[in-house]
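Asker: First the structure, then my questions, so here it is.
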Amino acid sequence: MIQSINLARSGLKARQAQRLMHASHMLNTAVARSASTGKDGARERQMTTSQTGDYVAREVRPGVIDLSVGQPSPSSLPLNAMAAAAAHRLGSPDAELLLQYGPRQGYRSFRSSLAAFLSQRYGSSVDPDHLMVTAGVSHGLDLAVGALSRPGDMIVVECPTYFLVTPIFRDNNRLTVVPMPTDTNGLVVEELERWLAADPSHRPRLLYTIPIHNNPRATTLPPERRRLLLRLAHRYGFQVLADEVYQLLSFPPEEDEAHTRSGPSFASSSSSCSASSSSSSSLPLPLRCYEECDPRVSRVISFGSFSKILAPALRLGWLETPHPGLMERFRSDGVVGSGGCIAQLAAGLAHSALELGLQSSHLDTVVRPTLASRCRTLVAALRREVLGGG
């Protein structure tokens, strides 16, 4: 990651340093020109790279493109949409009860709206009873790990993996983290199979994967590896924690830029998940769709979040499992038992964003187009200014 382009200490040759400096300037300019706020942005405001003040977790100073900061640009945060959602939800009948302790799993009408949205976006059916509200993916992972493992148990992770997830496993839950190799197609499941077969002591309790648009390698796990992974999970008795936070963020490549494709072209799944006509054929369905078993004994727990598709400060996400026994273990968590739904008010706001079409509009007119535009700009700059391409 590039925290800031400090060329004096980079060790680059002068010519390379000039190219990087020019690329940084060009990207900064391109980003500043791309301020589009879609339907939410009747207000037109100039976009800058500056994010400072009491509200932000990581400050970004003007003139610096900090690629290590995983927070969206202020121009892509839907302030007007959230104001409309809040007015709609808090003005509804019985709105005062939204401020009450909520059902552990999240209130049902919200889960129904979320399930309908996910069914359309995933291209496969989602059952509201299979969803539970979380305070984002990190909380969901911590909840699941706490319910499904004990200190000293093994968890397999991709190498490399999302750098902030390891402390959840190792420090919070005292698990033994076992890295497994990856390649340009993601987790090398064949290597996992060899490792599992090599020694009876190689018995992980859990496996964590980012199967689509992997962070940091940007890989997408192909169908044949997905099926093998899930067969191994059933054979050796481990649960698969599927971090599918990027499942909804795919955008198509330009026709003349096939090499920028986010992943290979595939979407075939097991018969347990039937793709709808609205689903894309260029990317896989959620990981659970490749599991060849009765869903009630599924070994996949999927995690998603509104942080990437709406607003991080909602601290709102979901986990999905069709396994009733696992869901009951998550519902029985001590924190959830004491406080009820972990994000009741945020769920209410997101509920209205879904019902009013604000979530779909924001995703389709702001989030995905902005990601696509910035990706093309960055790739073009790197090719031209760093690699010396035309």
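Asker: Work out from phi, with θ = phi - 60° and the Karplus expression 6.51 cos²θ - 1.76 cosθ + 1.60, the ³J(HN,Hα) of each residue of the range 235-242, listed in order in whole Hz, and give x for Gly and Pro.
Answerer: 5, 9, x, 10, 8, 9, 9, 9
Asker: If the convex hull of the alpha-carbon atoms of the range 77-213 is projected onto planes in all directions, what is the mean projected area in square nanometres?
Answerer: 11.5 nm²
Asker: Something else about it: Provide the per-residue ³J(HN,Hα) series for the range 326-337, in order, calculated from phi with Karplus coefficients 6.51, -1.76, 1.60 and θ = phi - 60°, each as a whole number of Hz, with x at glycine and proline positions.
Answerer: Along the range 326-337, the couplings run 5, 4, 5, 5, 5, 5, 8, 4, x, 5, 5, x Hz.
Asker: Right, next: Order 283-293, 334-344 from most to least packed using the mean count of other Cβ atoms within 10 Å. Can you show the working numbers first?
Answerer: Values: 283-293: 22.1, 334-344: 16.0.
Order by mean packing, descending: 283-293, 334-344.
Asker: A further question on this structure: Which residues' amide hydrogens lie under 5 Å from the amide hydrogen of VAL188, considering only partners 5 or more residues apart or on another chain, with H built in the peptide plane?
Answerer: Residues meeting the criterion, in which the H sits 1.01 Å from N, are THR182, ASP183.
Asker: Could you run the Karplus curve 6.51 cos²θ - 1.76 cosθ + 1.60 with θ = phi - 60° over the range 200-215 and give me ³J(HN,Hα) per residue in whole Hz, x for Gly and Pro?
Answerer: x, 7, 7, 10, x, 7, 9, 9, 10, 9, 10, x, 10, 6, 3, 9
Asker: Estimate the FRET efficiency between THR184 and ALA313 by the formula 1/(1 + (r/R0)^6), using the beta-carbon distance for r and 35 Å for R0, to the nearest 0.05.
Answerer: So the FRET efficiency works out to roughly 0.50.
Asker: Continuing with the same structure: What order do you get for 181-190, 51-60 when each peptide is scored by the mean count of other beta carbon atoms within 10 Å, highest first? Don't skip to the answer; put the middle values down first.
Answerer: Numbers: 181-190: 17.1, 51-60: 11.0.
Output ranking for 181-190, 51-60: 181-190, 51-60.
Bear in mind that the values in this text are calculations on the coordinates, not laboratory data. This one's a predicted model, so the numbers in the text were calculated from it and none came from an experiment. Note that we place each Cβ from the backbone using ideal geometry, even for glycine, and neighbour counts take in every protein chain shown.
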